[in-house]
Amino acid sequence: MKIYDYRGAPNPKRLRIYLAEKGIEVATEKVSIADGETRTPEFLQKNPLGGLPVLELDDGTCYPESLAIMHYFEELHPEPPMIGTTPEERLRVRGIERICELGVLSRVAAIVQNTHRFFRGRVDQSPAVVEQANKFLSSSLAALDDLIGEQPFVAGDRPTIADCTLYAGLHFARNMDANVDLSEYGNVARWFDEFGKRPSARA
Ligand SMILES: N[C@@H](CCC(=O)N[C@@H](CS)C(=O)NCC(=O)O)C(=O)O
């Protein structure tokens, strides 16, 4: 199997963080978003929406969607558990992960696409979209700040898929100058600093 991957993008990064935390090694092949390689007819056959990451199994079948790929690996390799060990824990972790993706990573992506010079000419950049995204982002960060509290990880005392998604989202914001100010969210800021020291954060 192999993963089609690109280092400058948040969804491939959250999968790499997850795999590093699990200690799972999978071959990767770079597909450059910057060079338009996700939009070639060959790549669109692997994922009609052109997004990364994509998991290709040994029989050649291809599967997009980072979260679905994490769930697949979690079923193959349940240890260490990164979604929880009981139905209630999984319910809680999955819900928090959704806040991290829909409230943070996706909002950061919208801000970056509508402000960064890389996307000028590729996207019809709109200040109204940035304003909306910033509002949703602020309320999501406030909710996560309360949820994290003094816990070492986003969903408790061990890393989960929620950490992978939140770290990839905030790391993308920092790398792409999205001006996400964490000073009002002290618990998120502390967690971001601490998680950033883990080897998986450099994956
Ligand atoms: N929901 C998808 C999103 C995939 C996605 O949009 N990936 C971006 C990078 S973060 C991408 O590859 N964009 C390039 C393109 O759309 O051509 C996932 O979680 O994997």
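Only one of the listed residues (113, 45) is in a helix (DSSP H, G or I), surrounded by fewer than 17 Cβ atoms within 10 Å (Cβ to Cβ) and within 16 Å of the ligand (Cβ to nearest atom). That residue is 45.
Restricting the first member to the range 189-203 and to residues that are farther than 18 Å from residue 161 by Cβ, and the second to residues that are of a type in the set (Gly, Ala, Ser) and open to solvent by 80 Å² or more (accessible area, probe 1.4 Å), the beta-carbon pairs closer than 8 Å and six or more apart or on different chains are 189/183. When the range 126-179 is examined, which residues are found to be open to solvent by 40 Å² or more (accessible area, probe 1.4 Å) and not in a helix (DSSP H, G or I)? Answer for the range 126-179, where residues must be open to solvent by 40 Å² or more (accessible area, probe 1.4 Å) and not in a helix (DSSP H, G or I): 150, 151, 152, 157, 158, 177, 179. Selection over the range 192-203 of residues that are in a loop (DSSP other than H, G, I, E, B) and touching a helix residue (DSSP H, G or I) at 6+ places or on another chain (Cβ under 6 Å) gives a count of 1.
Given the structure, is residue 52 in a loop (DSSP other than H, G, I, E, B), under 20 Å from residue 12 (Cβ atoms) and open to solvent by less than 80 Å² (accessible area, probe 1.4 Å)? Answer is yes for this residue.
Restricting to the range 180-191, what's the tally of residues that are crowded, with 18+ Cβ neighbours inside 10 Å and assigned to a helix (DSSP H, G or I)?
Number of matching residues: 3.
Might you check whether a residue that is surrounded by 13 or more Cβ atoms within 10 Å (Cβ to Cβ), within 10 Å of the ligand (Cβ to nearest atom) and either outside the structural domain of residue 176 (by TED's automatic domain parsing) or without any contact (Cβ under 8 Å) to a residue 24 or more places away in the chain (or both) occurs anywhere in the range 21-28? No, the range 21-28 has no match at all. For the range 73-89, a residue qualifies if it is assigned to a helix (DSSP H, G or I) and within 18 Å of the chain's Cα centre (by Cα), and the qualifying residues are 73, 74.
Which residues, taken from the range 116-125, are in contact (Cβ under 8 Å) with a residue 24 or more places away in the chain and either farther than 15 Å from residue 179 by Cβ or open to solvent by 60 Å² or more (accessible area, probe 1.4 Å) (or both)? So that I can check it myself, show each step before the final result.
Within the range 116-125, the first condition is being in contact (Cβ under 8 Å) with a residue 24 or more places away in the chain, and the residues that meet it are 116, 118.
The one that is in contact (Cβ under 8 Å) with a residue 24 or more places away in the chain and either farther than 15 Å from residue 179 by Cβ or open to solvent by 60 Å² or more (accessible area, probe 1.4 Å) (or both): 118.
Looking across the range 55-90 at every residue that is within 8 Å of the ligand (Cβ to nearest atom) and in contact (Cβ under 8 Å) with a residue 24 or more places away in the chain, the one that is surrounded by the most Cβ atoms within 10 Å (Cβ to Cβ) is identified as 66.
The values are calculated or read from the model by the stated rules, or taken from the named source; none is laboratory data. This is a predicted model, so every value here is computed, not measured. Every residue, glycine as well, gets a Cβ built from its backbone with ideal geometry; the counts of neighbours run over all protein chains shown. These area figures cover heavy atoms from the full protein model, side chains too; ligands, DNA and RNA do not enter into them. Shrake-Rupley method; radii C 1.70, N 1.55, O 1.52, S 1.80 Å.
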